[in-house]
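What follows is a single structure, written as structure tokens, with notes after it.
Any read-out appearing in this document is the output of simple, stated calculations on the displayed coordinates, not a laboratory observation. Quick caveat, the model's predicted, so the values are computed rather than measured. Ideal geometry is used to build each Cβ from the backbone, glycine not excepted, and the neighbour counts take in all protein chains shown.
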Amino acid sequence: MGIDDSAWWQRGAIYQIYPRSFFDSNGDGIGDLDGIRRKLGHLVELGVDAAWISPFFPSPMADFGYDVADYCGVDPLFGTLADFDALIAEAHRLGLRIILDFVPNHTSDQHPWFLESRQGRESAKRDWYIWRDPAPDGGPPNNWMSNFGGSAWAFDAASGQYYYHAFLREQPDLNWRNPAVQDAMMEALRFWLERGVDGFRVDVIWHLVKDALFRDNPPNPGYGPGQPDINRFQQIRSTDQPEVFDIIARMRATLAAYGDRVLIGEIYLPVERLVAYYGERLEGVHLPFNFQLIAASWHARGLDEMIDEYERAIPEGGWPNWVLGNHDQKRIAGRLGAAQARVAAMLLLTLRGTPTIYYGDELGLPNVPVPPELAQDPWEKNEPGLGVGRDPARAPMRWNDSPRAGFTTGTPWLPIGPQPELNVATEAADPRSMLALHRRLLALRRAHPALAVGGYERIEAEGDLLAYRRREGGEVLTVVLNLSAREESLDLPAPAGGWRCLVSTGLDREGPEPAGPLRLRPDEGVVLAEG
């Protein structure tokens with residue numbers, strides 16, 4: 001694939017914004033849409049192409065916006081529809097695309113649809129949600145578990161039935177087998193497409209359809225003490241059903257009517273199931289989010305095999321993608337440490353496929369300690385002590401080294417955290433900072449088609465070195481990453497003109513490389529060109 005025949009979402013990079021934590025424009029301690037608009041310049045300077053914005057729709061905020069009460073509005077906490085229109089207009093003026101979070105698996109229990117559904121078994125919208133009679137013993141209809149702990153079934157005493165909620169009981173699942181539900185949700189997509197959005201990231205898309213017979217999930221043989229409830233059973237009946245692909249194809253067709261839009265799916269499945277979401281004829285999601293780097297053991301040989309397996313599994317014509325962090329996972333700097341987080345950034349931004357950067361990872365932000373009395377995450381509150389809390393990765397963005405990090409003039413909704421030197425203003429002035437590294441790597445992607453859309457070729461290496469080539473036309477770039485804290489060397493045959501380092505994670509190695517084996521310092525990665 002060449003640059004000229006690639007889509008913007010193939011050659012570009014995506015930046016995730018968690019709106020509560022990005023920038024607060026009105027001093028209430030919570031980020032908002034106008035705050036995002038005011039900080040779009042940071043995205044332009046960083047070099048990304050699109051902003052994916054987590055939910056800002058009207059919501060009781062039981063799960064911070066992932067419990068939607070109106071798919072076609074803006075919660076007053078984040079502003080107004082006029083604020084959104086101003087945001088998207090400014091983004092497009094700056095050459096940025098806007099991707100919205102679409103949460104179609106469940107609504108809030110305060111959504112008008114569910115309020116009507118709950119009025120009784122004869123309600124016109126009863127079948128818009130998943131209602132079942134109790135088991136013979138009066139308990140839940142089956143053994144399906146909530147992702148946030150406990151049974152996924154909530155009893156409604158007024159009607160004598162249970163409703164299904166894959167997450168909080170305040171988040172009842174929609175019945176996507178009902179054509180009326182599908183019609184209503186396609187209308188919600190069109191509402192935002194008409195306002196100019198450039199695509200959607202679809203939340204838990206593999207959950208949309210459940211087993212028609214509501215059979216029990218089988219026990220998980222790997223479940224043990226200290227694991228969350230959701231691990232008790234294998235979710236083969238409650239998720240990933242074959243009927244989901246027709247629904248996704250309909251979403252894709254809805255977007256296609258508006259031109260060059262992107263459809264992204266959140267899918268936590270093994271790679272052989274993940275790639276099925278491209279669709280048999282590539283009529284599925286454009287990008288089934290690939291989270292393998294988040295869960296990977298950080299060793300070169302394992303990563304090498306994982307990347308190769310993924311590359312071989314992608315169907316012909318499908319486009320890969322890579323994710324290092326998001327609002328549900330621990331920060332990359334917290335998982336790997338500051339030095340290897342730099343190597344991970346180089347990996348993310350030089351692999352074949354579309355990269356997604358989580359806000360603050362470009363600064364090397366750590367997981368922020370959140371004491372129990374300040375915890376906000378409902379999962380942490382439901383299953384305390386298991387380490388499932390997501391608050392540490394959702395702490396406010398840091399714009400400067402002031403006590404409130406330039407995020408707000410009020411009291412931030414989560415603690416700012418330690419290491420105040422990790423902020424945009426300080427790092428922008430430091431050519432050796434994590435921010436500077438991200439800017440260099442993203443500029444390199446824009447300047448070199450081999451990195452943006454080129455092919456991927458493994459290079460045999462030993463120890464904790466990971467090496468590969470990116471090739472497009474006559475351009476070849478070579479990436480070598482040292483995943484260890486010791487010096488490593490690679491006998492890399494040199495081209496006629498020798499090797500030239502374009503960028504190192506140390507940012508102090510540009511120019512011709514000496515003859516002989518390539519030597520990498522501890523925790524160093526390099527991008528090399530020929531001659």
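Summary table
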| item | result |
| --- | --- |
| Helix-only mean residue ellipticity at 222 nm for the chain, each DSSP H run of n ≥ 4 adding -39500 (n - 2.57), per residue, nearest 500 | -7000 deg cm²/dmol |
| Estimated FRET transfer efficiency (Asp133, Val271; beta-carbon r; R0 41 Å; 0.05) | 0.60 |
| Helix 434-447 vs. the chain, principal-axis angle (Cα, 0 to 90°, nearest 10) | 80 degrees |
| Calculated FRET value between Ser489 and Glu309, using beta carbons and R₀ = 22 Å, to 0.05 | 0.25 |
| Gain in span if fully extended, Tyr258 to Asp4, counting 0.36 nm per residue against the direct Cα distance | 89.4 nm |
| Nearest 10 degrees, 0 to 90: helix 338-350 Cα axis against the chain principal axis | 90 degrees |
| Length-normalised contact order for segment 331-412 - Cα pairs under 8 Å, 6+ apart - percent | 25 percent |
| Hits among aspartates and glutamates - C-alpha to C-alpha of Lys381 under 13 Å, sequence gap 8 or more where chains match | Asp63, Glu373, Asp391 |
| Stretch gain in nm, segment Arg215-Arg38, where the contour uses 0.36 nm per residue and the Cα spacing is subtracted | 58.7 nm |
| Computed label-point distance, nm, for sites Ala249 and Ala157 using a 7 Å Cα→Cβ extension | 4.7 nm |
| Under 23 Å from the Cα of Lys210 - lysines, other chains or at least 8 residues apart | Lys125 |
| Average Cα contact separation per residue, segment 415-531, under 8 Å, 6 or more apart, as relative contact order % | 21 percent |
| C-alpha center-to-center spacing [segment 506-531, segment 427-461] in angstrom | 14 Å |
| Mean Cα-pair separation over length for the chain, i.e. relative contact order, pairs under 8 Å, 6 or more apart, % | 13 percent |
| Sites matching GluC sites (Glu not before Pro) across segment 263-301 that sit in DSSP coil, with at most 14 neighbouring C-beta atoms within 10 Å | Glu280 |
| Crossing angle, helix 300-313 versus the chain [Cα axis fit, 0-90 degrees, rounded to tens] | 60 degrees |
| Spacing of the two label points (7 Å from each Cα toward its C-beta) at Ala124 and Ala82, in nm | 3.3 nm |
| Distant-in-sequence amide H partners of Trp52 (H built 1.01 Å from N, under 5 Å) | Tyr15, Gln16, Ile17, Ile99 |
| 15 Å cut-off, amide nitrogen to a point 7 angstrom out along Ala429 Cα→Cβ, residues in segment 381-402 | 399-402 |
| Reachable lysines, given that their alpha-carbon falls under 25 Å from the alpha-carbon of Lys39 and they are not under 8 places away in the same chain | Lys330 |
| Paramagnetic label zone (point 7 Å from Cα along Cα-to-C-beta, Trp298; backbone N under 17 Å) in segment 413-450 | 434-435, 438 |
| Distant-in-sequence amide H partners of Gly525 (H built 1.01 Å from N, under 5 Å) | Asn482, Thr505, Gly506 |
